[in-house]
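Read through the structure below, which is laid out as structure tokens, and then see the notes.
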Amino acid sequence: MSRLLILAVVLWVGLCGVGRAAGLTPEQISVWEASCTSVMEGLGAVLGAASVNEQPFVRVQLGVAVRGCAHPEVFESPMWFMGTLREFVELFVLGGGDWPEIRRRCPQTLLVSCLESMVRQHIYAELLPTIRVQGCGSQRDWEQVQAFIVDAAREEAEWLGWGAALVVALYRQDVRFRCLYPTLTPVSTSGSRGELMSPFGRMAGWENWRRSVTDSPASIIQFSPATTLARRQ
């Protein structure tokens, strides 16, 4: 944790120059700094209370946040990334829904089982509702975040890097599809097992849906943050 905090402090030194290079206004740079500080502090608090099995997952979240906060210039829409990161992490730090039960079980299970349940909960119960409000993001920005995830996971262990490149990528693409085509996929974000089931068995059907929508552009329903926010309320 101390290594990450030191790195974060070093990153802030050059942030204004990097922010200007990314086309951020002074006001946006201020929001960026405050949001990054909030994210780091929140994840640091969770890490301090995490069991041994949970710690790699939280450290990967920190690693992604550090990379993203340091490099707004790599995003087509830096403020989309920041808004998504901030809300995404806030939901995780609050620890509602199924998190108490997952954290109760994690110390009693295999490391890989603990991490997979945390990843699935984080992506389906927290990333999905976040991007339904913040927006689905461009393909380039989505892939950039995935690259940060793989790098941060590989710092923990090589096998975690492979897991991030395969399983996490699949789960993330699943929720992005749900965001892009909300009329074709379930809208529940309650954390129920039905919502969090593995997407492997549904891939063929969703590919057919994707093709049908792509072949008929007029049938695409545009994503509306206002509509999805009303749905959540």
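One table, with the values for the structure above:
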{"item": "Extension gain (nm, one decimal) between E158 and A49, 0.36 nm per residue minus Cα-Cα", "result": "36.7 nm"}
{"item": "Region 30-83 - accessible surface per residue (Å², probe 1.4 Å)", "result": "33 Å²"}
{"item": "Per-residue ³J(HN,Hα) for region 69-84, Karplus 6.51 cos²θ - 1.76 cosθ + 1.60, θ = phi - 60°, Hz, x for Gly and Pro", "result": "5, 7, 9, x, 5, 7, 9, 5, 10, x, 6, 5, 4, 5, x, 5"}
{"item": "Cα gyration tensor, region 126-181 - rounded (a/c under 1.5), prolate or oblate", "result": "prolate"}
{"item": "Shape call, region 57-168: gyration tensor on alpha carbons, a/c limit 1.5", "result": "oblate"}
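The values are calculated or read from the model by the stated rules, or taken from the named source; none is laboratory data. All values reported here derive from a predicted model rather than from experimental measurement. Heads up: the accessible areas ignore ligands, DNA and RNA and are worked out on the full protein's heavy atoms, side chains in. Shrake-Rupley method; radii C 1.70, N 1.55, O 1.52, S 1.80 Å.
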